[in-house]
Amino acid sequence: MEKTLLLGDEAIALGAINAGLSGVYAYPGTPSTEITEFIQNNPVAKERNIHSRWCTNEKTAMEAALGMSYAGKRALVCMKHVGMNVCADAFVNSAVTGINGGLVVLAADDPSMHSSQNEQDSRFYGKFALIPIFEPSNQQEAYDVMKIAFELSENLGEPVLLRVVTRLAHSRAAVQTDATREMNSFNPSESRGWVLLPGIAKKQYANLLEKQTQMEEAARNSVFNKMEGSGNNLGIVACGIGYNYVKEAVANYNIQETKILKISQYPLPENQVLELAKTCKEILVVEDGQPVVELDVKRIVGDKAQVTGRLTGKLPRQGELNPDNVAKALGAEVKVYFENAKNLAGRPPQLCQGCGHRDVYAALKEVAAEYKNSRIFGDIGCYTLGALPPFQALASCVDMGASITMAKGAADAGLFPSIAVIGDSTFTHSGMTGLLDAINDHSNITVIISDNLTTAMTGGQDSAGTNKFEAICLGLGVEPEHVKVVVPMPKNIESIKQTIKEEIEYNGVSVIIPRRECMQTIKRHKKK
Amino acid sequence: MYADNQETQKEIVKIMKKDLILCGVGGQGILSIATIIGEAATKAGLYLKQAEVHGMSQRGGDVQSNLRLSTSEIYSDLIPKGKCDVIISMEPMESLRYLPYLNKDGWIVTSNKPVVNIPNYPDETALNQELESLPHVAKLDIDTIAKEVGMPKTANMVLLGLAAPYIEILSIEQLREAIKTVFARKGEDIVNINLKAFDAGVANEQK
């Protein structure tokens, strides 16, 4: 088979298809989006009718994938790291129920927060749920890991977690592909283990604990974990793409006398860590994200060796690994020939010219300025850029859906006017339930669902609620005269201001829906 | 074909590698340049790693792509500081953002036309002076040349042409072939106008 140039994300997608995938379930989120998009456009996936339609959020995705697994088929769930928080209930419990068809959960972490609000490390979730974790170091491994991950999942009867980071997800390299496996046949589970009543859950959990030995054995014998070098000066535990930076530094700076334990499958094999500690006085843990392995290595080696890494300051506590901070941790002196330029300014991203969100903020800011204590609670999407100049309109951006519920809580505390701005896709992801709370409580809030008919921030994926927003709001119980649709365009600013003002003055829940298609998707539709 | 080629090549010539940073402002066509170099490198049997920026930054913010080409295996997806051979930039201020990555003899190949979409864009005279104070800089008004060629959107191909002689690990002809392949599905006219823009960039360098 030939080599193909693939993003890490695309390698995962193709690996999954070739491993006999029957369905991918996902909500878009950088840096995971391209996996599902690849499957949506892949000819084999189309021919096999592999499920790939976007889900409303990560929890619905996780649960649907678990259902497909129940029916005997192989399923993949994809999300960015914070999506793990959304699906955590289903995710953690799927380890207790166990699975039928292979189930791989992919979490794409974003250390350095290139497009995220935190740098949480999904490996903690894998450990929390007591399941195996894979962390490929390059694009080829990202492809190769899929078949092995699905097999391990089926052998253990447990879901497995696949963790990548932005730099692997969004970097391209040539990947050697192989034959496509058949899909599993339809074979619904007969097990009672899916019914997590306490009596059954206790047995299931005991069963999960018993499988830990098997998981450790699988990691010990994994083709993705290996010991390299025979030096006895510095031992290095190199996890995921951390391995690449170590190899780069060793080559560039001719670093000698090291022994490297490459880790791309967990649980961390304790015997190999102890082997490092036998000969090396210092063990440096190089891992992208939080010090998950560093803590483990410390526990395993005790006082047999000195353990260094992010916790000891050898590597920075915050931010992603890069070839330079890893080289420094290995004792190299990184040479820089040109200092930072003097004539340089930051260039933050901004709302596109002509974007409807701009008109929403132009109107909203003027009206809000008429009130002394007005606050606008923001949410996650392109419109979060309304927090930056020229608008600087937003008081918060926390998690998907938090605009509505924070506005509600602040209104409960006496804030007026309390305004929420949320996008169409974010509203269906996690805003609807909060709106119901506000309606049931008769909260005095004004909710703006800025509807651009797409999930824009991640590149224009379908939005689950398109054409349904008025019906959803009415169904949840917003008074019909307080559900208003406007068209956000410069010529309508005055009338939009009037609408916003009226709805702020209404003592109760009102919803204004400014609706105009995203500039980016308009361009794309015109091209077609 | 890759691995086998590598082995034989390694015996004949010593390891050759080029680390490129492509940069500019979101929407300027940085990734198209990367795609063409990537295609040429793939065809040439080189090892390649190309780290891209997706997501939020693509909305008018600064964007960059690390492109690493080599006759032997590449480990890091990111270029270490002091190791970049050529910074290829669609915008003059953006070309300066990655200075600490440039190696001692590295080149900056850049458009000389500022994109001012921020209120605190630096003074243009000072910016130009700083650029000119660097040892190896090639600047060009790529937008005007692209307009002369007949299609303003081909400015990125003019820049690629200007940068082509510095990429070295790939020949100008290999890059031309890659332009043909990448634009083939858009029709012959589009292929030709992109080639014309590329050639205009090459010609300007050789002047």
Residue check: is residue B:36 more than 13 Å from the chain's Cα centre (by Cα) and of a type in the set (A, V, I, L, M)?
no
Return the residues of the range A:308-327 that are of a type outside the set (S, T, N, Q) and either within 10 Å of chain B (Cβ to nearest Cβ) or not in a loop (DSSP other than H, G, I, E, B) (or both); say none if nothing qualifies.
A:320, A:321, A:323, A:324, A:326, A:327
Going by the structure shown, is residue A:173 outside any loop (DSSP other than H, G, I, E, B) and within 14 Å of another protein chain (Cβ to nearest Cβ)?
yes
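Do any helices (runs of 4 or more DSSP H) entirely within the range A:2-86 hold 3 or more residues that are touching a His at 6+ places or on another chain (Cβ under 8 Å), and if so, which?
Numbers: elements: A:8-18, A:33-41, A:43-47, A:58-70.
In the range A:2-86, no matching helices (runs of 4 or more DSSP H) lie anywhere.
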So which pairs qualify, if the first residue must be in the range A:425-444 and assigned by TED's automatic domain parsing to the domain that holds residue A:463 and on the phi > 0 side of the Ramachandran plot, the second must be small (Gly, Ala, Ser) and not in a helix (DSSP H, G or I), the Cβ gap must be under 9 Å, and the two must be at least 6 apart or on different chains?
A:442/A:508
Just wondering, is there one or more residues in the range B:163-186 that are within 14 Å of chain A (Cβ to nearest Cβ), touching a residue at least 40 places away in the same chain (Cβ under 8 Å) and within 14 Å of the chain's Cα centre (by Cα)?
yes
Does the range A:238-258 hold any residues that are among the hydroxyl-bearing types (Ser, Thr, Tyr) and either free of Cβ contacts under 8 Å to residues at least 60 places away in the same chain or buried (at least 24 other Cβ atoms within 10 Å of the Cβ) (or both), and which are they?
A:243, A:245
If you go through the range A:328-378 one residue at a time, how many are away from chain B (no Cβ under 14 Å) and without any contact (Cβ under 8 Å) to a residue 24 or more places away in the chain?
2
Apart from one, (1) more than 11 Å from every other protein chain (Cβ to nearest Cβ); (2) under 29 Å from the mean Cα position of the chain (by Cα); (3) not in a loop (DSSP other than H, G, I, E, B) all hold for residue A:392; the odd one out is (3)
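Restricting to the range B:80-124, what's the tally of residues that are hydrophobic (A, V, I, L, M, F, W, C), facing chain A (nearest Cβ under 9 Å), touching a strand residue (DSSP E or B) at 6+ places or on another chain (Cβ under 6 Å) and surrounded by fewer than 24 Cβ atoms within 10 Å (Cβ to Cβ)? Let's see the steps before the verdict.
Within the range B:80-124, the first condition is being hydrophobic (A, V, I, L, M, F, W, C), and the residues that meet it are B:84, B:86-88, B:90, B:93, B:96, B:99, B:102, B:107-109, B:115-116, B:118.
Narrowing further to those that are facing chain A (nearest Cβ under 9 Å): B:93, B:96, B:99, B:102, B:115, B:118.
Those still in the list that are touching a strand residue (DSSP E or B) at 6+ places or on another chain (Cβ under 6 Å) too: B:102, B:115.
When the remaining residues are screened for being surrounded by fewer than 24 Cβ atoms within 10 Å (Cβ to Cβ), the result is B:115.
Number satisfying all stated conditions: 1.
Evaluate the range A:200-215: report whether one residue or more is more than 22 Å from residue A:168 (Cα to Cα), acidic (Asp, Glu) and either surrounded by 14 or more Cβ atoms within 10 Å (Cβ to Cβ) or in contact with a strand residue (DSSP E or B) (Cβ under 8 Å, 6 or more places away or on another chain) (or both).
Here is the first cut: in the range A:200-215, the ones more than 22 Å from residue A:168 (Cα to Cα) are A:200-215.
Right, trim to acidic (Asp, Glu) and you get A:210.
Still in the list and also either surrounded by 14 or more Cβ atoms within 10 Å (Cβ to Cβ) or in contact with a strand residue (DSSP E or B) (Cβ under 8 Å, 6 or more places away or on another chain) (or both): none.
No, that holds for no residue.
Condition test on residue B:149, is it in contact with a helix residue (DSSP H, G or I) (Cβ under 6 Å, 6 or more places away or on another chain), buried (at least 17 other Cβ atoms within 10 Å of the Cβ), over 19 Å from residue B:22 (Cα atoms) and among the hydrophobic types (A, V, I, L, M, F, W, C)?
Values: in contact with a helix residue (DSSP H, G or I) (Cβ under 6 Å, 6 or more places away or on another chain): yes; buried (at least 17 other Cβ atoms within 10 Å of the Cβ): yes; over 19 Å from residue B:22 (Cα atoms): yes; among the hydrophobic types (A, V, I, L, M, F, W, C): yes.
Answer is yes for this residue.
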What number goes with the only condition from (1) buried (at least 19 other Cβ atoms within 10 Å of the Cβ); (2) basic (Lys, Arg); (3) more than 21 Å from residue A:458 (Cβ to Cβ); (4) modelled with pLDDT under 95 that residue B:49 does not pass?
(4)
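Mind checking whether some residue in the range A:293-307 is assigned to a loop (DSSP other than H, G, I, E, B), under 27 Å from the mean Cα position of the chain (by Cα) and crowded, with 18+ Cβ neighbours inside 10 Å? Give the derivation first.
If we filter the range A:293-307 for residues that are assigned to a loop (DSSP other than H, G, I, E, B), which is where we start, we get A:302-305.
Next, only the ones that are under 27 Å from the mean Cα position of the chain (by Cα) stay: none.
No, that holds for no residue.
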Would it be correct to say that residue B:156 is in contact with a helix residue (DSSP H, G or I) (Cβ under 6 Å, 6 or more places away or on another chain), more than 8 Å from every other protein chain (Cβ to nearest Cβ) and farther than 26 Å from residue B:182 by Cα?
no
Subset tally (residues that are assigned to a loop (DSSP other than H, G, I, E, B), within 16 Å of the chain's Cα centre (by Cα) and more than 7 Å from chain A (Cβ to nearest Cβ)) for the range B:54-79:
1
Can you report the number of residues in the range B:98-148 which are over 20 Å from the mean Cα position of the chain (by Cα), of a type in the set (Ser, Thr, Tyr) and part of a helix (DSSP H, G or I)?
1
Say whether the condition of being surrounded by fewer than 23 Cβ atoms within 10 Å (Cβ to Cβ), aliphatic (A, V, I, L, M), within 11 Å of another protein chain (Cβ to nearest Cβ) and part of a helix (DSSP H, G or I) is met by at least one residue in the range B:35-45.
no
Which numbered condition in (1) touching a helix residue (DSSP H, G or I) at 6+ places or on another chain (Cβ under 7 Å); (2) surrounded by 18 or more Cβ atoms within 10 Å (Cβ to Cβ); (3) within 14 Å of chain B (Cβ to nearest Cβ) is the only one that residue A:285 fails?
(3)
Among residues of the range B:125-143 being touching a Lys or Arg at 6+ places or on another chain (Cβ under 8 Å) and more than 9 Å from chain A (Cβ to nearest Cβ), the residue surrounded by the most Cβ atoms within 10 Å (Cβ to Cβ) is B:142
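The values are calculated or read from the model by the stated rules, or taken from the named source; none is laboratory data. Source: prediction; values computed, not measured. Every residue, glycine among them, receives a Cβ derived from its backbone with ideal geometry; neighbour counts consider all protein chains shown.
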